[in-house]
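Shown next, in structure tokens, is the structure this report addresses.
The numbers here are math on the coordinates, done by the rules we state, and not lab data. Here the structure is a predicted model, which means the values were calculated and not measured. Note that each Cβ is placed from the backbone with ideal geometry, even for glycine, and that neighbours are counted across all protein chains shown.
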Amino acid sequence: MKQHYDVLLIGGGIISSSIAYHLSKQGASVAILERNQIGCEASSAAAGILGAQAEIDEEGPLLDLAIKSRSMFPELVKELKEKTAIDVELIQKGLLKVAVTEEDAHVLKKKAAQHHRWDEHVRWIDVKEARLLEPGLSPDIYGAITIPGDGQLAPAKLTQALAHGALYHGADVFEYCDVHSLIMENETVKGVQTSKGSFYGEKVVIAAGSWAKRFISSEHLGQVFPVKGECIALQSHKPLLSKTIFLDEGFYLVPKTGGRIVIGATKLQHDFTKTISAQGIQFLLNKASALLPAIKEATFEKAWAGLRPQTNDGWPYLGEHPEIANLHMAFGHYRNGILLSAATGKIMADALLGKKPNHSFFTSFQLTRVMEGVH
């Protein structure tokens, strides 16, 4: 078994798989080390919204990264389908960010004008136009922002496609390989000690989501913690929606293929359990039926919970550790891991291979911002 690589990736979620794909595609020797199965945590629990402008309202590096990443998906999805035969079910029918109160409408109208400055297709629409686009919406809404560029896909399938794409290009994937610790030498990481023995790498990337701080003390890492999100899936025998419906508080309805609708998500900070509460399900169903009354006729399919990795300032950590040589970070994407996965993978791969990222905002996501008190 090969034990020395150009890059070792700790974690087997969508961020790690994307980095592995983009690295191996450029000829690097890569190993993904996953303690369970590829994509078994937040990556498979997500709804798969590519909502660059649904959740991110402020101009700046995070929005730039999101828009860049969103633009990469059509070509990336096509590429992965050719190499792996996996259909990630990319749907590009847009998103409606709905106002459910007068106050919401006031806020969203301002946001629509703001987004329209850098995307002319984003605009505010009244109730009548919103219900022309989505007739099933409640007449009690107060209008919506229409965001035609936002889409969605099947996140578990995308994660598998990226991992299989990495395998296609020669990467190794080790499942059920629990990383116990970093192998250190004079403030330099040399590899990792795992349940399957020692692995060595020129560079090591922590891409373990909510579990990132297992591998290094908090004072060297910055803060990352889980935010549990509960979701449910319903099945409808007739089409109820064509576009993703999103509320400013983060609630969403996502129409999938075959009449399936994913509803999410609750927010429970610092909770590492994946139990599902009756209160959470009731909250989601009440919100959904208020927005889309006909959803009451749908049948219940399943409920689940995922742990989204959040940082104190809400931005992911990307790039080299400022104090530990050869150690790199790629975690903390919170609700936007699926959306940001494409650009994160490419930018991180380029940086790991010594290429200067073309994106000046890359430095905004480095860990130094915490140590220097930037955010």
Please compute, for the alpha-carbon atoms of region 163-227, the extent along each of the three principal axes and give them in descending order in Å. 38, 34, 20
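Take the cross-link list Lys83/Lys196; Lys238/Lys302; Lys81/Lys203; Lys83/Lys356 and give me the ones stretching past 20 Å between alpha-carbons.
Where the Cα-Cα span goes over 20 Å, the pairs concerned are Lys83/Lys196; Lys81/Lys203; Lys83/Lys356.
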Which shape class applies to region 49-105: rounded if a/c is under 1.5, otherwise prolate when a/b exceeds b/c and oblate if not, where a ≥ b ≥ c are the square roots of the Cα gyration tensor eigenvalues? oblate
Fewest-first sequence of Thr194, Thr101 by Cβ atoms within 10 Å of each Cβ: Thr101, Thr194
Run the reach check for Lys110 against lysines, Cα to Cα strictly under 29 Å, same-chain hits fewer than 8 apart removed. What comes back? Lys68, Lys93, Lys97, Lys128, Lys243, Lys267, Lys287
Any chance you could check the Cα centroid distance between region 282-314 and region 193-271 for me, in angstrom? 14
Taking only Cα atoms of region 1-126, what ratio of Rg to Rh do you get with Rh as the Kirkwood inverse-distance radius? 1.07
Sort the following peptides by mean Cβ neighbour count (other Cβ atoms within 10 Å, averaged over residues), highest first: 208-214, 323-329. 208-214, 323-329
Region 15-59 shape via C-alpha gyration tensor axes, a/c threshold 1.5: oblate
Can you tell me the dipole magnitude for region 176-241 around its Cα centre, using point charges on the Cβ only (Lys, Arg +1; Asp, Glu -1), in Debye to the nearest 20? 320
Nearest 10 degrees is fine. How inclined is helix 61-84 to the longest principal axis of the chain, computing both from alpha carbons? 80
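Where does region 8-82 land on Rg/Rh, using Cα atoms and the Kirkwood Rh? Let's see the in-between values first.
Working: Rg = 14.1 Å, Rh = 14.1 Å.
With Rg and the Kirkwood Rh in hand, the quotient comes to 1.00.
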Among (i) 194; (ii) 133; (iii) 142, the entry derived from the coordinates for volume of the Cα convex hull per residue in Å³: (ii)
Selection from Val100, Ile125, Ile38, by position along the positive dipole direction of region 1-145 (Cβ): Ile38
So what is the calculated 222 nm ellipticity per residue for the chain, using -39500 (n - 2.57) for each DSSP H run with n of 4 or more, over all residues, to the nearest 500 deg cm²/dmol? -9500 deg cm²/dmol
Percent antiparallel among DSSP beta bridges confined to region 141-242, nearest 5, equals 100
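How do 233-245, 330-342 rank on mean C-beta neighbours within 10 Å, highest first? List each step's numbers first, then the result.
Numbers: 233-245: 17.9, 330-342: 26.8.
Per-residue Cβ counts within 10 Å, averaged per peptide and sorted highest first, yield 330-342, 233-245.
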Rg(Cα) / (2.2 N^0.38 Å) computed for region 86-202, rounded to two decimals: 1.76
